[in-house]
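Notes follow the structure.
The values are calculated or read from the model by the stated rules, or taken from the named source; none is laboratory data. Because the structure is predicted, anything quoted here is derived from the model rather than measured. Glycine gets a Cβ as well: all are built from the backbone with ideal geometry, and neighbour counts include every protein chain shown.
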Amino acid sequence: MAKIDNKTTSKIVVQYGAKPELLVQILQTIVMRFGWIPEDTIRQLADELNLSRADVHGVVQYYQDFRTEEPGKHIVKICQAEACQAMGSRALTDHAEKTLAMNLHDTKDDITLEPVYCLGNCACSPAVMVNGRTYGRVDAARFDELLAGMRSATP
Amino acid sequence: MTRTKMYVPRETAAVSVGADDVALAIARLAKKTGVDIELIRNGSWGASWLEPLVEVEVDGVRITYGNVSATDIQSMFEAGFVTGGKHERRLGPINEIPYLINQDRWTFWRCGLINPLSIEDFELHQGFKALTKVIADGAEAVLDAVTDSGLRGRGGAGLPTGIKWRTVADTEADQKYIACNADEGDSGTFSDRILMEGDPFGLLESMAIAGFAVGASKGYIYLRSEYPLAHSILSRAIEAARNAGWLGNNIQGSGFAFDIELHLGAGSYVCGEETAMLESLEGKKGIDRYKLPLPAHAGLFGKPTVVNNVVTLASVPNIINLGGERYAGMGVNRSKGTLAFQLAGNIKRGGLVEKSFGITLRELIEDFGGGTASGRPVKAVQVGGPLSAYLPADQLDTPMDYEAFVEIDAMIGHGGIVVFDDTANMAQLVRRSRRKLRTNHG
Ligand SMILES: Cc1cc2nc3c(=O)[nH]c(=O)nc-3n(C[C@H](O)[C@H](O)[C@H](O)COP(=O)(O)O)c2cc1C
Ligand code: SF4
Ligand code: FES
């Protein structure tokens, strides 16, 4: 993921007409492009949108998508919701944690491992999202394949 | 020589199990063998258990092949796939697959059938016919048809849609809004997604109809961020509809103005609740407004707002085309019409089943779903999401009827059905549902 800079942030704000009511959309665009929202960006957004820093902070903290720490180059999410659990997502999560030697919510090396609550792929559960793409019917073997594919893909 | 039409869905479930690779393999092999094909990326028919489900059109009949993987394509071509040849993946004509033909398709009938991003294909399949009729007949006729249909909200609470629309129509204001709830946060629900990915213009048309009926010129779609493919398909559809004059200041020269903005959520379960969703649409934290007023009186930016679920809205065009009474003729008691049941979890044939109310849970799980995927006995079924209830196996004969479910302390809600077999740890499941609620409530 690219490194966030003030100029791009400003450009995104302008793209949304610098409307404070579009704060969630602006933050979402920043996270999709850069992966997270640094403190500096919060300050900048407050300035450029005429909001208080506390307001922007509040919104950033409220939504799970708005990470305030830099994630790894690859983001792997495993669905923890009920339908996926019915098809073994708990065991899949154990497998992932063991294989990657890390826990859910952690970032290690170039990978961030996160829980997600339903990808709308419940008829093909368990479901996993790797760098924004959803995969279904994921067992341990297929998970290992996905990891291998992810690592060999050009960034 | 005519080109052979082939269909490979571009829909989350299909793509999640390899549809893009299948499409690529077909295109390559067709080129290599000199077969002239038109490869259409359709939506899903909803038979997710058969994905990737590929079709080839032979003499006007669409022949299906199920659970196709990219590695099957070579042998399929060798077996005469291009002319519907015999192969272990071949399932026969699409209009002979029991899972599909035993449904009552009212809202989802275009899903799978058409190319979701082709306005021409949409119009060939009655697209914008209802909106055109509505603009000619006037708002009163729409409000009457929706009221007559008995349509109730499919997002959870099951409130009558006609009354909601009438309330907003009757409220005086300089600006009103339509807010489409596409947050679809509960496990076991994906009908909104299948509709948006398979028939995006159908949703846009439905929102414009709602706008015309109540006097709103602007609509918002609040889409959860976990649906990137739906986001891309809807964005493109909105753009195309604007370019074709079906959204904008003067729709098809009628003087009716309506436009739609697509908003993304940001991973908060509570934002599916309508007042929280409205806060989020205003760029704020999605904390629900405990204080009244109703969105119908003071909703988005304090203006009268219709909040409806995707499936609720998408049921309307056919109510206009075929009449409210026709819709009300399906279903039972005060549960009129159809619901998009979603079979998920430990089930052999998971997917979307649009069926009239009155069908029992058992018929859905056994006849359509084929029982559990593991082959073990059903232990519990979650219907209507984590805020509803886990039903034990001895309640499977309950008919799908809003009031019958209330009687057993459950909710039909959005029609999501998650099946667990006898190995499931129910105590842990209930704990986790609670934890999820807590996490999302900060
Ligand atoms: C916690 C919670 C989550 C909800 N999530 C959704 C949702 O994801 N989608 C939805 O359409 N309705 C959801 N609802 C119901 C909405 O508040 C609202 O009733 C609905 O969008 C109205 O549309 P309808 O009348 O067409 O159903 C939720 C309600 C609650 C309490
Ligand atoms: S439990 Fe959650 S969703 Fe329900 S009212 Fe409380 S805050 Fe809103
Ligand atoms: S529960 Fe995992 S995708 Fe829906």
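For every residue, the table says whether it meets (1) away from chain A (no Cβ under 13 Å); (2) at pLDDT 95 or above.
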| residue | (1), (2) |
| --- | --- |
| B:349 | no, yes |
| B:353 | no, yes |
| B:358 | yes, yes |
| B:373 | no, yes |
| B:385 | no, no |
| B:389 | no, no |
| B:394 | yes, no |
Flag for residue B:71 being within 14 Å of chain A (Cβ to nearest Cβ) and among the β-branched types (Val, Ile, Thr): yes
Looking at region A:95-115, can you tell me whether even one residue there is more than 10 Å from chain B (Cβ to nearest Cβ) and within 21 Å of residue B:51 (Cα to Cα)? no
In region B:1-38, which residue that is within 12 Å of chain A (Cβ to nearest Cβ) and among the acidic types (Asp, Glu) is surrounded by the most Cβ atoms within 10 Å (Cβ to Cβ)? B:11
Scan B:159, B:91, B:117, B:131 and give me the residue that is under 30 Å from residue B:401 (Cβ atoms) and hydrophobic (A, V, I, L, M, F, W, C). B:159
Using the structure shown, decide if residue B:262 is closer than 18 Å to residue B:231 by Cβ, more than 16 Å from ligand 3 (Cβ to nearest atom) and buried (at least 23 other Cβ atoms within 10 Å of the Cβ). no
Could you tell me which numbered condition residue A:136 fails, if it satisfies all but one of (1) surrounded by fewer than 23 Cβ atoms within 10 Å (Cβ to Cβ); (2) within 29 Å of residue B:390 (Cα to Cα); (3) within 16 Å of ligand 3 (Cβ to nearest atom)? (1)
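Scan B:300, B:313, B:294 and give me the residue that is within 14 Å of chain A (Cβ to nearest Cβ) and buried (at least 16 other Cβ atoms within 10 Å of the Cβ).
Numbers: B:313 fails: within 14 Å of chain A (Cβ to nearest Cβ); B:294 fails: within 14 Å of chain A (Cβ to nearest Cβ).
Criteria check complete, one pass: B:300.
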Select from region B:288-304 the residues that are in contact with a strand residue (DSSP E or B) (Cβ under 9 Å, 6 or more places away or on another chain) and not in a loop (DSSP other than H, G, I, E, B) and write down the one among them that is nearest to ligand 2 (Cβ to nearest atom). B:300
Please tell me if residue B:107 is within 30 Å of residue B:333 (Cβ to Cβ), within 16 Å of ligand 1 (Cβ to nearest atom), away from chain A (no Cβ under 14 Å) and touching an Asp or Glu at 6+ places or on another chain (Cβ under 7 Å). yes
Counting only residues in region B:248-287 that are hydroxyl-bearing (Ser, Thr, Tyr) and more than 14 Å from chain A (Cβ to nearest Cβ), the one nearest to ligand 2 (Cβ to nearest atom) is identified as B:275
Of the residues B:438, B:362, only one is assigned to a helix (DSSP H, G or I), within 29 Å of residue B:316 (Cα to Cα) and either over 18 Å from the mean Cα position of the chain (by Cα) or at pLDDT below 95 (or both); which? B:362
Residue list for region B:214-233, filter: more than 14 Å from chain A (Cβ to nearest Cβ) and buried (at least 23 other Cβ atoms within 10 Å of the Cβ): B:214, B:216, B:219
State whether the residues of region B:39-54 include one that is part of a helix (DSSP H, G or I) and away from chain A (no Cβ under 14 Å). no
Given the residues A:58, A:120, A:149, which is the only one that is within 9 Å of another protein chain (Cβ to nearest Cβ), in a helix (DSSP H, G or I), more than 14 Å from the chain's Cα centre (by Cα) and away from ligand 2 (no atom under 16 Å from the Cβ)? A:58
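Condition test on residue B:167, is it among the polar types (S, T, N, Q), more than 14 Å from chain A (Cβ to nearest Cβ) and either in contact with a Phe, Trp or Tyr (Cβ under 6 Å, 6 or more places away or on another chain) or within 14 Å of residue B:206 (Cβ to Cβ) (or both)?
no
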Determine which member of the set B:166, B:193 is surrounded by fewer than 24 Cβ atoms within 10 Å (Cβ to Cβ) and touching a helix residue (DSSP H, G or I) at 6+ places or on another chain (Cβ under 6 Å). B:166
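Working only within region B:1-32, note down all residues that are of a type in the set (S, T, N, Q) and either out of contact with any strand residue (DSSP E or B) (no Cβ under 6 Å at 6 or more places or on another chain) or closer than 22 Å to residue A:126 by Cα (or both). It would help to see each step written out before you state the result.
Going residue by residue through region B:1-32, those that are of a type in the set (S, T, N, Q) are B:2, B:4, B:12, B:16.
B:2, B:12, B:16 - these are the residues of region B:1-32 that are of a type in the set (S, T, N, Q) and either out of contact with any strand residue (DSSP E or B) (no Cβ under 6 Å at 6 or more places or on another chain) or closer than 22 Å to residue A:126 by Cα (or both).
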I'm trying to understand the selection: among the residues of region B:81-101, which are surrounded by fewer than 14 Cβ atoms within 10 Å (Cβ to Cβ) and either under 18 Å from residue B:39 (Cβ atoms) or in contact with an Asp or Glu (Cβ under 8 Å, 6 or more places away or on another chain) (or both)? B:83
Over region A:1-32, the set of residues surrounded by fewer than 20 Cβ atoms within 10 Å (Cβ to Cβ), within 13 Å of chain B (Cβ to nearest Cβ) and within 22 Å of residue B:231 (Cβ to Cβ) is A:16, A:17, A:19, A:21, A:29, A:32
